Amino acid sequence: MSGLNLHAIKSIYFFELNRFRRTLLTGLMVPVITTSLYFVVFGGAIGSRMTEIDGIPYAAFIVPGLIMLSMFTESIFNASFGIYMPKFTGTIYELLSAPVSATETIIAYVGAAATKSLTVGLIIFATAHLFVDIHVANPFAMIAFMVLIAISFCLFGFILGIWAQSFEQLQVIPLLVIMPMTFLGGAFYSIHMLAEPWRTITLFNPIVYLISGFRWTFFGRGDVGIEFSLLFIAGMLLVCLGIIGWMFRTGYRLKK
Amino acid sequence: MASIIKISGLTKSYASGHVALKHVDLEIEEGEIFALLGPNGAGKTTMISIICGNVNPTSGTVTVAGHDIVRDYRGSRSTIGLVPQELFTDAFERVIDTVTFSRGLFGKPRNPAFIEKVLRDLSLWDKRNSKILELSGGMKRRVMIAKALSHEPRVLFLDEPTAGVDVELRRDMWLLVRQLREMGVTIILTTHYIEEAEEMADRVGVINKGELILVEEKAALMKKLGKKTLTVVLAEPLAAVPPELADWEVALKNEGQEIEYIFNTQAERTGVSSLLRTLGELGIAYKDLNTEQSSLEDIFVSLVHQEKAA
């Protein structure tokens, strides 16, 4: 046999989407409700007392950060769950005994998780429109950026799912690392608002580059140059692919 | 017949130092039913897991239908169907979806007619729209078999197919295995139920502590290692074994009403006729004779025992 096992990719991809479909209501309602709450609290209650940031009204300013925050956690949860569950229930035996390569496995699982997280991102974007006027400077770049973020964070989640040996380990990274880093990475403020040394320290937070880059696609400017953001995403993609490649070659926590 | 699976020098050792398989050589012929027999922890599942791709081998090679399981895993795996020992299922999936999924996973285009046939053969058609979690244990096992058969494999591995299965399902399973064999599917099953191997297998391999102790045609194995028990039902009960019968090492059973003599069927002289002659000379009358073939279980126990003694 040569070429990709397309039947397998399709099977896994739709199996995963089907899994999401079963939790469609919570899966889609939660981001809508959460976004609305953020707008009521940050946009309405606090935002009205805040000045513009870099000439952008506060309520509009937080939209990219909000989308990123949800997409980070959605991507990691979906992708890590997707591969962790078969490990947990034992059904992974079938995947391991199937004529499926690492590449096909990743395309299918990460593709499905990224599809969901992209959907959530777009829903939040649509919900935000109900609350604020947003003019996206570069819509094409915005979509491309969301796709890249979805893929790289789903790859990261996939690694977590293979690594995790308990439900707690599965949750520890997104909740205790990614979430705080996102809040401190300028999701709801510009890092220019920070005093030194915090501003310099914040530059060591990789999330800053992602949020800033995404904000750039909206407003044409961010906290750091867009080239740094793209460089960072490229780096993250490569590192994740490298780790997954190694995991599949050695069978790390997949095979005995 | 041509070999469909060739295993040579297959070894598996774990980081802990535990050696699960020690240099196993084995060839499985196309179309046969091969039973791999051994106690728990003997290495049966490890061997299957390596061939199917769930465990990496430490050394040695395996080819399935000419495809190396490592270099050409696509070729080997697409010919294999695996039914693992434990019930691993996606609880929330519907039966028909999970079986259709398996077919796609193994690279085969959709074929609803074939899936229907598999489900009907396994009496699952009525349950096709049920979620797996709603099924009984026996039904779940059928689902796992249906998944393994969904991509029309040439080789089917059944790891402990009847462990914890009720009598009815066991009968069905045996029937199914025979049907599959008629269709030309090669079947390798592991079991520690000897009656299962005896009932179904063409050949039997005995594995213990990671070593393949012997591989033999079932009939030949029974013949070669089979001992028979001759029971002589006496007309008058005896109080003790007469000293003249000491050479045969007979035992008195059933309150002296029977004499039991165990002989080896492969021996040049079984000692049966001389024993009967001696009985006649001693004037011990008997009213019935009965011989019984020892079961595979007895053979197995004695093999594992020899192995321990050696």
Residue satisfying condition, being more than 14 Å from chain B (Cβ to nearest Cβ), modelled with pLDDT under 95 and either surrounded by fewer than 21 Cβ atoms within 10 Å (Cβ to Cβ) or not in a helix (DSSP H, G or I) (or both), within set A:PHE42, A:PHE61
A:PHE42
Test B:ALA163 against the criterion of being under 25 Å from B:SER76 (Cβ atoms) and among the small types (Gly, Ala, Ser), and give yes or no.
no
Which residue out of B:GLU30, B:GLU86 is surrounded by fewer than 17 Cβ atoms within 10 Å (Cβ to Cβ), away from chain A (no Cβ under 13 Å), within 29 Å of B:LEU124 (Cα to Cα) and not polar (S, T, N, Q)?
B:GLU30
As an exercise: evaluate B:ASP68 against (1) touching a residue at least 12 places away in the same chain (Cβ under 8 Å); (2) within 27 Å of A:THR91 (Cβ to Cβ) and give the number of the one condition it does not meet.
(1)
If we scan the range B:187-199, do we find a residue that is small (Gly, Ala, Ser) and farther than 20 Å from B:ARG141 by Cα?
no
Can you report the number of residues in the range A:68-85 which are within 14 Å of chain B (Cβ to nearest Cβ), more than 18 Å from A:LEU176 (Cβ to Cβ) and surrounded by 19 or more Cβ atoms within 10 Å (Cβ to Cβ)?
2
Could you check, for the range B:27-47, whether at least one of its residues is over 18 Å from B:GLU86 (Cα atoms), in contact (Cβ under 8 Å) with a residue 40 or more places away in the chain and aromatic (Phe, Trp, Tyr)?
yes
Give B:LYS209, B:LYS218 a once-over and let me know the one that is basic (Lys, Arg), surrounded by 19 or more Cβ atoms within 10 Å (Cβ to Cβ) and either assigned by TED's automatic domain parsing to the domain that holds B:GLU30 or in contact with an Asp or Glu (Cβ under 8 Å, 6 or more places away or on another chain) (or both).
B:LYS218
Among the residues listed as B:GLY75, B:GLY66, the single one being touching a helix residue (DSSP H, G or I) at 6+ places or on another chain (Cβ under 8 Å), within 14 Å of another protein chain (Cβ to nearest Cβ) and more than 27 Å from B:TRP174 (Cβ to Cβ)
B:GLY66
Among (1) in contact with a Phe, Trp or Tyr (Cβ under 8 Å, 6 or more places away or on another chain); (2) touching a residue at least 24 places away in the same chain (Cβ under 8 Å); (3) within 14 Å of another protein chain (Cβ to nearest Cβ), where does A:THR103 come up short?
(1)
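Counting only residues that are in contact with a strand residue (DSSP E or B) (Cβ under 9 Å, 6 or more places away or on another chain) and closer than 18 Å to B:PRO57 by Cβ, give me the strands (runs of 3 or more DSSP E) lying completely in the range B:1-42 with at least 2 of them.
On the way: elements: B:3-13, B:19-29, B:33-37.
The qualifying strands (runs of 3 or more DSSP E) are B:3-13, B:19-29.
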Please give the number of the condition A:ALA98 fails out of (1) surrounded by fewer than 22 Cβ atoms within 10 Å (Cβ to Cβ); (2) more than 20 Å from the chain's Cα centre (by Cα).
(1)
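Of B:ALA197, B:ALA219, B:ALA240, B:ALA235, which residue is within 24 Å of A:TYR93 (Cβ to Cβ) and of a type in the set (Gly, Ala, Ser)?
On the way: B:ALA219 fails: within 24 Å of A:TYR93 (Cβ to Cβ); B:ALA240 fails: within 24 Å of A:TYR93 (Cβ to Cβ); B:ALA235 fails: within 24 Å of A:TYR93 (Cβ to Cβ).
Step by step, each of B:ALA197, B:ALA219, B:ALA240, B:ALA235 is checked, and only B:ALA197 is within 24 Å of A:TYR93 (Cβ to Cβ) and of a type in the set (Gly, Ala, Ser).
Go through the range A:212-227 and report how many residues are surrounded by 17 or more Cβ atoms within 10 Å (Cβ to Cβ) and out of contact with any strand residue (DSSP E or B) (no Cβ under 8 Å at 6 or more places or on another chain).
So the first thing to find is which residues in the range A:212-227 are surrounded by 17 or more Cβ atoms within 10 Å (Cβ to Cβ), and the list is A:212-219, A:222-224, A:226.
Retained after the next criterion (residues that are out of contact with any strand residue (DSSP E or B) (no Cβ under 8 Å at 6 or more places or on another chain)): A:212-218, A:222-224, A:226.
Within the range A:212-227, residues that are surrounded by 17 or more Cβ atoms within 10 Å (Cβ to Cβ) and out of contact with any strand residue (DSSP E or B) (no Cβ under 8 Å at 6 or more places or on another chain) number 11.
Starting from residues that are more than 18 Å from A:GLU16 (Cβ to Cβ) and among the basic types (Lys, Arg), keep the ones in the range B:111-146 and report whichever is surrounded by the most Cβ atoms within 10 Å (Cβ to Cβ).
B:ARG142
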Please go through the range B:99-119 and give me each residue that is within 28 Å of the chain's Cα centre (by Cα), more than 11 Å from chain A (Cβ to nearest Cβ) and farther than 16 Å from B:MET183 by Cα, ordered by number.
B:VAL99, B:ILE115, B:LEU119
Counting only residues that are at pLDDT 90 or above and among the β-branched types (Val, Ile, Thr), which one in the range A:174-199 is surrounded by the most Cβ atoms within 10 Å (Cβ to Cβ)?
A:THR182
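Out of curiosity, is B:LYS127 more than 10 Å from chain A (Cβ to nearest Cβ), touching a Leu at 6+ places or on another chain (Cβ under 9 Å) and farther than 24 Å from B:GLY38 by Cα? Please lay out each step first, then the result.
Numbers: more than 10 Å from chain A (Cβ to nearest Cβ): yes; touching a Leu at 6+ places or on another chain (Cβ under 9 Å): yes; farther than 24 Å from B:GLY38 by Cα: yes.
Yes; evaluated as a whole, the condition is true for this residue.
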Of all strands (runs of 3 or more DSSP E) fully inside the range B:170-257, the set with 1 or more residues that are within 18 Å of the chain's Cα centre (by Cα) and among the basic types (Lys, Arg) is B:203-208
Tell me yes or no: at least one residue of the range B:136-155 is at the interface with chain A (Cβ under 9 Å from one of its Cβ atoms), among the small types (Gly, Ala, Ser) and free of Cβ contacts under 8 Å to residues at least 12 places away in the same chain.
no
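For (1) of a type in the set (Ser, Thr, Tyr); (2) in the same structural domain as B:LEU26 (by TED's automatic domain parsing); (3) more than 22 Å from B:ASN40 (Cβ to Cβ), each residue gets a yes or a no:
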position: B:ARG142; (1), (2), (3): no, yes, yes
position: B:SER150; (1), (2), (3): yes, yes, yes
position: B:GLU182; (1), (2), (3): no, yes, yes
position: B:THR186; (1), (2), (3): yes, yes, yes
position: B:LEU189; (1), (2), (3): no, yes, no
position: B:HIS192; (1), (2), (3): no, yes, no
position: B:ALA197; (1), (2), (3): no, yes, no
What pairs can you find where one residue is in the range B:172-198 and modelled with pLDDT under 90, the other is surrounded by fewer than 18 Cβ atoms within 10 Å (Cβ to Cβ) and among the hydroxyl-bearing types (Ser, Thr, Tyr), and their Cβ atoms are less than 9 Å apart, with a gap of 6+ or different chains?
B:ASP172/B:SER123; B:ILE194/B:SER295; B:GLU195/B:SER295; B:GLU198/B:SER295
Which residue is farthest from B:ASN111 (Cα to Cα), if the candidates are limited to the range A:4-39 and must be more than 10 Å from chain B (Cβ to nearest Cβ), free of Cβ contacts under 8 Å to residues at least 60 places away in the same chain and not hydroxyl-bearing (Ser, Thr, Tyr)?
A:LEU37
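The values are calculated or read from the model by the stated rules, or taken from the named source; none is laboratory data. These figures come from a predicted structure and were not determined experimentally. Methodologically, a virtual Cβ is constructed for each residue, glycine included, from the backbone with ideal geometry; neighbour enumeration extends over all protein chains shown.
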